[in-house]
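Would you mind keeping the following structure in view while I ask a few things?
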Amino acid sequence: MMFNNNHEVRIQVRGVRKVYDTVAGGYVALDQVDFDAATGEFVAIVGRSGSGKSTLLNMISGIDRPTSGSVVVNGESIGDLTESKLARWRCRNLGLVFQFQQLLPTLTVAENVMLPMDFAKRGRGRDNRVRALELLDLVDVSDQSDKLPASLSGGQQQRAAIARALANDPPVIVADEPTGNLDSHTADETLETLRRLAGDGKTVVMVTHEHDVSRWVDRVVTMSDGRLFDAASLGALDPVNG
Ligand code: ADP
Ligand code: MG
C-alpha cells in the first residue's frame, strides 16, 4: 500500500505487539506500542536494557516483523512487503547505524561507502566515488577516504559508517546506541552529525544511553517493559538506565 510521500508523519507505528517464542513460552517484548516521527524530527528512545528498544527499531527498519499492529515508514506499509521487496525498500529508504560498526576491513573507507550504492544499482562507479567523497566530507573524514577502516579512530569509523548509511540518501536514519563505545568528545561529534542530518530534513530515530541527550534531539521517549512513554509521563517512571 502506498501513502503520500510528502506526508508530515514519516514513521507511524500503531498498536504494535511483538511476542517472542521462548522455551518458557511467549515473551512480550513490545506491548501495544504507538509511535510517530515527523519529517526532519530527531527522536531519542531511552530505557533500561531489555525494555524493548532494539526490538522497536527492528520493527521500524523491517529487520523483524510485529506479531500484530502496523508500521508505515515513508509511505510504505512495510509489514505487507515480501522479504525481497523489503530488502530493496530498505536499501533506498533507510540508513542503519549501530554501536559496533561493521565497515568491511578489506575495503577502503570510500569503497565501504560506495557498497550500498552498488547494491541499489545507483549511478556508475565514477559518480559513486564522487558521491562517497562528498558524504565523507559531510561527516569530516574525507581525508581518510583511501585508508582501510582499521587505521581510523573509533570516532572516525563511526562517522564513516554514518556516511555509508547515507549512501542512497535515505529519508530515515535508524541508529541503535551509535555512541555506545565512543568517548564523550566523539560521541558529541556523532550526535552533532545526526542533529545536522535531521536539520536537513531526515527523520532520525536513535536509541541511546547518553545523558543530556535532550541537548541534541527534538524529543525523548522512554521504553519500559515493552511500553512507550513520552516525556510528559517521564516523571512517573524510575530513572532510566538504572
Ligand atoms: P533493549 O534494546 O531495550 O535492550 P531488546 O529490544 O533487545 O531490548 O529486547 C527486549 C526483550 O526481548 C529482552 O528481554 C530480550 O531478552 C527479548 N528478546 C529480544 N530478542 C529476542 C529473541 N529473538 N527471542 C527471544 N527474546 C528476545
Ligand atoms: Mg538494544
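Please treat every number below as a calculation from the coordinates, not as lab data. Treat the numbers as computed from the prediction; the structure is a model and nothing was measured. When we count neighbours, we look across all protein chains shown, and the Cβ atoms used for this are built from the backbone with ideal geometry, even at glycine.
Gap in Å between the Cα centre of region 156-195 and the Cα centre of region 82-119?
14
For region 34-121, what is the convex hull volume of its Cα atoms per residue in Å³?
Details: hull volume 12.4 nm³, N = 88.
Hull volume over Cα atoms, normalised by residue count, gives 141 Å³.
Quick one: longest stretch of the chain between exposed loop chymotrypsin sites (Phe, Trp or Tyr not before Pro), exposed meaning at most 15 other C-beta atoms within 10 Å and loop per DSSP? It would help to have the intermediate numbers written out before the result.
On the way: sites that count: F3, F100.
Longest gap between qualifying sites, sites excluded: 101-242.
Among Q156, S70, W216, which residue has its Cα furthest toward the positive end of the charge dipole of the chain, with +1 on Lys/Arg Cβ and -1 on Asp/Glu Cβ?
Of the candidates, S70 comes out farthest on the positive side.
On to the next question. Among rounded, prolate and oblate, which fits region 120-164 when a ≥ b ≥ c are the square roots of the eigenvalues of its C-alpha gyration tensor, a/c under 1.5 means rounded, and a/b larger than b/c means prolate?
prolate
Right, another one. Starting at the first residue of region 180-196, write each ³J(HN,Hα) from the Karplus equation 6.51 cos²θ - 1.76 cosθ + 1.60 with θ = phi - 60°, in whole Hz, x for Gly and Pro.
So the Karplus estimates, Gly and Pro as x, are x, 10, 10, 5, 5, 5, 6, 4, 4, 4, 5, 5, 4, 4, 5, 4, 4 Hz.
Also, quick follow-up: Starting with the fewest neighbours, write out T67, T106 ranked by other beta-carbon atoms found within 10 Å of each beta-carbon. Present the calculation step by step, with values, prior to reporting the outcome.
Numbers: T67 15, T106 9.
So the residues, fewest neighbours to most, are T106, T67.
Given N residues in region 103-242, what is Rg(Cα) / (2.2 N^0.38 Å)?
Values: Rg = 16.8 Å, N = 140, 2.2 N^0.38 = 14.4 Å.
For region 103-242, the normalised Cα radius of gyration is 1.17.
Per residue of the chain, what 222 nm ellipticity follows from adding -39500 (n - 2.57) for every DSSP H run with n ≥ 4, rounded to the nearest 500? Can you show the working numbers first?
Details: 6 runs with 73 residues, N = 242.
Using -39500 (n - 2.57) per qualifying helix, the result is -9500 deg cm²/dmol.
What angle, in degrees between 0 and 90 and rounded to the nearest 10, separates the Cα long axis of helix 83-93 from the longest principal axis of the Cα atoms of the chain?
70
Next up: Please list, or write none, the aspartates and glutamates whose alpha carbon is within less than 15 Å of the alpha carbon of K121, excluding same-chain residues fewer than 8 places away.
Once the sequence-local aspartates and glutamates are set aside, what remains near K121 is E111, D169.
Under the Kirkwood approximation applied to all pairs of distinct alpha-carbon atoms, what is the hydrodynamic radius of the chain in Å? If you can, show how the numbers build up before the last one.
Values: mean 1/r = 0.0542 Å⁻¹.
Averaging 1/r across every pair of different Cα atoms and inverting gives 18.4 Å.
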